[in-house]
Amino acid sequence: MLDFKLTTPQREVRPSDEETYDLIILGGGPAGLTAAIYAGRARIHTLLLVGPLPGGQPANTDVVENFPGFPEGIEGPELAQRFVAQAERFGVQIVHDSVTGVDFSVRPFIVRTDSATYRAHTVIVAMGAVPRRLGVPGEDRFFGRGVSTCATCDGFFYRDKRVVVVGGGDSAIIEGLYLTRFAREVILVHRRDQLRATQIYQERAFANPKMRFVWDSVVEEILGEKTVTGVRVRNLKTGESSVIEADGVFIYIGMEPQTQIFAGQLELNERGYIVTDRYQRTSVPGVFAAGDIQDPRYRQLVVAAGTGAIAAMEVERFLEMYPQNHQ
Ligand code: NAP
């Protein structure tokens, strides 16, 4: 994984279990960090719980080209780092700890991590989504040793090698193009004969001499003994199976929301995303959600940041409207 280090001082002061926050934000991606910036500036007593990847998905992205204000694009890790620094600047307490459970049936709400229990009058859930996995033989065995969901982290290891990229969306194309910097050939395996990716990325991919496309095909197995040697693919139109030789496999087949711990506490839709209204309110008053964990449709950085801002402003309103809940 990417060795992502913050250059700004981290506030690793462990809060006391007795302290009740006005707001706890769960998740330190673009949505959570934007919520933190807004909450900090509104002087809301806020704790931000940042999980394993400070800065969220941008921290694992090569270049972000569509976030306004950066006409030349900006490297994802740098943007992530800037988000964190900005939240810290406004006095938000940041703790690097993963949430293991919540209790939204009591007030103040309870948030548990491996090492502590926290209480808060309001919560913003912004834990994002994680890469979907193929679920085929060989995937788990070689994960981190030839199978990856992060080209920015692992692409360097494939200098002059052949890699397979699975998927046909923006991520598969952007990361596939990134891999052409290192690999001698990038073979994109997609289950249809048309890409889902944005047109500009498609044009770049088709123009790149290192990119090859295997259409209408799914990966059935990742092959190898000690290291990955290839993938077995099946053509969905002909039913034929064949082997593509490769040294690495990068999987970009979409994301899944991280909502397991909220099942039974917040209303989820049939795909497991948190249901919110246009004010980012969830089914529990005082609990808001922002970013990819509640957005199966757009999943864009700028949208995640926007919903984080809305959630924080609604928290401010909620705390003003129901002061009896938190005094
Ligand atoms: P995505 O848009 O959901 O695309 C997933 C791709 O994987 C699709 O092509 C899909 O095929 C394929 N797929 C899904 N399940 C599969 C399976 N089990 N086996 C084989 N293939 C499978 O996901 P994404 O590319 O990660 O993008 C997620 C969101 O982030 C999108 O909204 C995207 O626009 C956004 N994003 C934006 C940027 C940017 O810079 N603008 C960068 C990255 C991501 P089908 O096409 O047949 O469904």
Test of understanding: among D3, D17, D103, which residue is modelled with pLDDT under 95 and in contact with a strand residue (DSSP E or B) (Cβ under 9 Å, 6 or more places away or on another chain)?
D17
Considering only segment 287-309, state which residues are more than 12 Å from the ligand (Cβ to nearest atom) and in a helix (DSSP H, G or I).
I293, Q294, A305, G306, T307, G308, A309
Would you point out which residue out of V125, V64 is of a type in the set (V, I, T), closer than 19 Å to Q300 by Cβ, within 16 Å of the ligand (Cβ to nearest atom) and in contact with a helix residue (DSSP H, G or I) (Cβ under 7 Å, 6 or more places away or on another chain)?
V64
Counting only residues that are within 20 Å of G29 (Cβ to Cβ), give me the strands (runs of 3 or more DSSP E) lying completely in segment 48-142 with at least 3 of them.
93-96, 99-103, 117-125, 129-131
Subset of segment 243-259, residues at pLDDT below 95 and more than 16 Å from the ligand (Cβ to nearest atom), comes to none
Go through (1) under 25 Å from D154 (Cβ atoms); (2) part of a helix (DSSP H, G or I) one by one and return the number of the condition E203 breaks.
(1)
Residues of segment 165-210 being surrounded by fewer than 16 Cβ atoms within 10 Å (Cβ to Cβ) and either among the polar types (S, T, N, Q) or modelled with pLDDT under 95 (or both), which ones?
Q194, T198, Q199, N208
Search segment 193-223 for residues being within 14 Å of the ligand (Cβ to nearest atom) and touching a residue at least 60 places away in the same chain (Cβ under 8 Å), and hand back the single one that is nearest to D247 (Cα to Cα).
I222
Selection over segment 260-285 where residues are assigned to a loop (DSSP other than H, G, I, E, B) and in contact with a helix residue (DSSP H, G or I) (Cβ under 6 Å, 6 or more places away or on another chain) yields a count of 4
What are the residues in segment 221-236 that are outside any strand (DSSP E or B) and either surrounded by 10 or more Cβ atoms within 10 Å (Cβ to Cβ) or within 27 Å of the chain's Cα centre (by Cα) (or both), if any?
T227, L236
In segment 101-147, anything in the same structural domain as G291 (by TED's automatic domain parsing), in contact (Cβ under 8 Å) with a residue 24 or more places away in the chain and of a type in the set (D, E) is listed as D103
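The values are calculated or read from the model by the stated rules, or taken from the named source; none is laboratory data. Values in this document were obtained by computation on a predicted structure and should not be read as measured data. Positions of Cβ are generated from backbone atoms using ideal geometry, with glycine treated the same way; all protein chains shown enter the neighbour counts.
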